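Asks: Please find one structure pasted underneath; my questions will follow.
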Amino acid sequence: MKNNYSVIIYLDKRLNQKVRDIQKDISKLTGSRACLDLWKPHFTIGAGVSVDDKKLNSLYKEIKKNLNGIKPFKVKIKDYDFMNNRMSRKLKSFTKYVVYLNVINNKKLQKLFDVLKKNVTDKREIFYGPISKYNPHITVAFKDLNHKKFLKTKKFLKNKRFRDELIITHIALAKENPDETWSEYKRFKLK
C-alpha cells in the first residue's frame, strides 16, 4: 500500500509556539483553521512522495546516505508574505490563498534541498507536483482561506514584523493520515 510523505523540517519548541500563536490569531480573525488542525508548524525541504510500505526502508537509507556530512546550520526567518496562486487545481479542496513566513534561503539550505531533490525525491512518485524553484516558508494560513479572509489577514499583518532564526538539526518525514492530518513519522538527525 502506498502512503504520502512530506519531507520537512520541524521547528524547535520555542519557535513552534511563536508560530502557533500567530496561527491562532489569524484563526480568531478569519475562522481559518487548516494550519491549526492539519499540521504542526514546519517548512518543506523536499517534494512530497508516495511510497509503497515495502519500499520505506529504501527511502530511509537514501535519506541517511544523503545527509552524511551535512552538519546543523542556521536559517533566518523574516516577515510575512502572501501567495494568491497556490496550485488549487491540483489540490482539490484547497483555496489558492496562502499566508506564510519567509525562511531566508542560504547556501547550506539550498544545498540540502538540492541533494534531497536529486538523490531522493526526484527518484520517486511525487503526489502533488515537483518543486522547480525552492521557496522555503512556514505556512501560517492556507487551504480554507478565501479571498475575503485573505485580504483581511493581509491588512491585519500589514505593519507587523517577524524576525527569528532556527538551527536546522534534522529533516523529517511526515505521513498523511486518512483524516487529511499529517503526523511526524520518522526524523533524521544532521550530524
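Asks: Give the residue, chosen from N57, N16, N68, N105, that is under 18 Å from I131 (Cα atoms) and either buried (at least 19 other Cβ atoms within 10 Å of the Cβ) or not small (G, A, S) (or both).
Replies: Within the list N57, N16, N68, N105, the selection yields N105.
Asks: Quick check, is S27 in a helix (DSSP H, G or I) and small (G, A, S)? Outline the logic, then answer.
Replies: Details: in a helix (DSSP H, G or I): yes; small (G, A, S): yes.
The answer is yes for S27.
Asks: Also: In contact with a strand residue (DSSP E or B) (Cβ under 9 Å, 6 or more places away or on another chain), touching a residue at least 40 places away in the same chain (Cβ under 8 Å) and more than 15 Å from V7 (Cα to Cα), is that true of A47?
Replies: No, not satisfied.
Asks: Let me ask another. Just need a number here: residues in segment 46-55 that are among the hydrophobic types (A, V, I, L, M, F, W, C) and at pLDDT 95 or above.
Replies: The number of residues fulfilling the criteria is 2.
Asks: All but one of (1) assigned to a helix (DSSP H, G or I); (2) open to solvent by 10 Å² or more (accessible area, probe 1.4 Å); (3) in contact (Cβ under 8 Å) with a residue 24 or more places away in the chain hold for D21; which doesn't?
Replies: (3) is the only condition that D21 fails.
Asks: If you take the residues of segment 120-132 that are hydrophobic (A, V, I, L, M, F, W, C) and either open to solvent by 50 Å² or more (accessible area, probe 1.4 Å) or at pLDDT below 90 (or both), which of them is farthest from the chain's Cα centre (by Cα)?
Replies: Restricting to residues being hydrophobic (A, V, I, L, M, F, W, C) and either open to solvent by 50 Å² or more (accessible area, probe 1.4 Å) or at pLDDT below 90 (or both), the top hit is F127.
Asks: Mind listing whichever residues of segment 136-179 are in contact (Cβ under 8 Å) with a residue 12 or more places away in the chain, over 19 Å from L36 (Cβ atoms) and among the polar types (S, T, N, Q)?
Replies: T169, the sole residue that qualifies.
Asks: N3 versus (1) open to solvent by 10 Å² or more (accessible area, probe 1.4 Å); (2) part of a helix (DSSP H, G or I); (3) closer than 22 Å to K175 by Cβ: which is the lone unmet condition?
Replies: Only one criterion is unmet by N3, namely (2).
Asks: Next up: Mind checking which residues of segment 166-191 are among the acidic types (D, E), exposed (fewer than 14 other Cβ atoms within 10 Å of the Cβ) and part of a strand (DSSP E or B)?
Replies: Correct list: E184 only.
Asks: Is at least one residue of segment 35-43 at pLDDT below 95, not in a helix (DSSP H, G or I) and not basic (K, R)?
Replies: Checked against the condition, which is being at pLDDT below 95, not in a helix (DSSP H, G or I) and not basic (K, R), segment 35-43 yields at least one hit.
Asks: Tell me the residue from N102, N84, N146, N135 that is polar (S, T, N, Q), within 14 Å of the chain's Cα centre (by Cα) and either on the phi > 0 side of the Ramachandran plot or at pLDDT below 95 (or both), please.
Replies: N135
The values are calculated or read from the model by the stated rules, or taken from the named source; none is laboratory data. In this text the structure is predicted, and so the values were computed from the model without any measurement. Counting neighbours? That spans all protein chains shown, and the Cβs are built from the backbone with ideal geometry, glycine included. Heads up: the accessible areas ignore ligands, DNA and RNA and are worked out on the full protein's heavy atoms, side chains in. Shrake-Rupley method; radii C 1.70, N 1.55, O 1.52, S 1.80 Å.
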